[in-house]
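Nothing in this text is a laboratory measurement; each read-out follows from the coordinates by a stated rule. The shown structure was predicted, so the numbers you read here are calculated from the model rather than taken from an experiment. Virtual Cβ from ideal backbone geometry, glycine too; neighbours counted across all protein chains shown.
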Amino acid sequence: MQQASRTESGDKGPLRICFLDFDGVVHLEPVYRSPKRGIYIGTPGHTLFEWAPILEQLLEPHPDVKIVLSTSWVRIRSFNFAKSQLSPALQERVIGATFHNRFMREDEFVCLPRGVQIANDVFRRGPQSWFAIDDDYLGWPEWCRDNLIRTDGARGLSDPKIQEAIRIMLKRF
């Protein structure tokens, strides 16, 4: 898996990953889904992926950092759909997702806390360094907690403290 990930990303150097959740990170939490409206935010004045440009700007000086989608959007819709919601610059960084129906059963995957889902992916890909941006913090393995940048679902990446935490994490890389 590690070799495949590097080949897919076109990068021959050390693998550096940002595990990215969507809801509560790149836009406000909660997000709703309906047959008529599709996926939407019910809070007036907010839009889906409104804070994604912040992530794009933070990652810009670090072209070697790849993204693995850790969002439930992959499981609920599809990997291609979830990836397509990001800007072209962020899409170029995406090398996979924590959920992949060829490698795992969906019913088993959804029972795992987000941190365990990410930990399993870390073992599978073997990155040199990684961090996760997520508003879900329950059930994370202790050894992973220092790699979690926990957002507030109402502020996500718009929070200057979160932006600074990402800058610091990227400097550690």
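Quick notes on this structure:
- The chain, helix-only ellipticity at 222 nm - DSSP H runs n ≥ 4, -39,500 (n - 2.57), divided by all residues, nearest 500: -9000 deg cm²/dmol
- Low-density loop cleavage sites - chymotrypsin sites (Phe, Trp or Tyr not before Pro) in segment 82-111, where at most 14 other Cβ are within 10 Å (DSSP): F103
- Cα-projected label distance for E50 with E108, points at 7 Å along beta-carbon direction, nm: 4.0
- The HN-Hα couplings worked out from phi for segment 132-139 by the Karplus form 6.51 cos²θ - 1.76 cosθ + 1.60 (θ = phi - 60°) are 10, 10, 7, 8, 8, 10, 7, x Hz, whole numbers, x standing for Gly and Pro.
- For K66, residues with placed amide H under 5 Å, excluding near neighbours: R16, I17, C18
- Note, ³J(HN,Hα) from phi for segment 73-90, Karplus 6.51, -1.76, 1.60, rounded to Hz, x at Gly and Pro: 4, 4, 6, 6, 9, 4, 4, 4, 5, 4, 4, 5, 7, 7, 5, x, 5, 6
- Peptides 63-73, 37-47 ordered by average Cβ neighbours within 10 Å, highest first: 63-73, 37-47
- D64-D146 pseudo-label distance in nm [points 7 Å out on the Cα-to-Cβ vector]: 2.0
- Interchain or long-range residues, amide H under 5 Å from L148's placed H: A132
- Computed over the alpha-carbon pairs of the chain, the distance histogram in 5 Å steps reads 1, 8, 18, 22, 23, 16, 8, 3, 1 percent, short to long.
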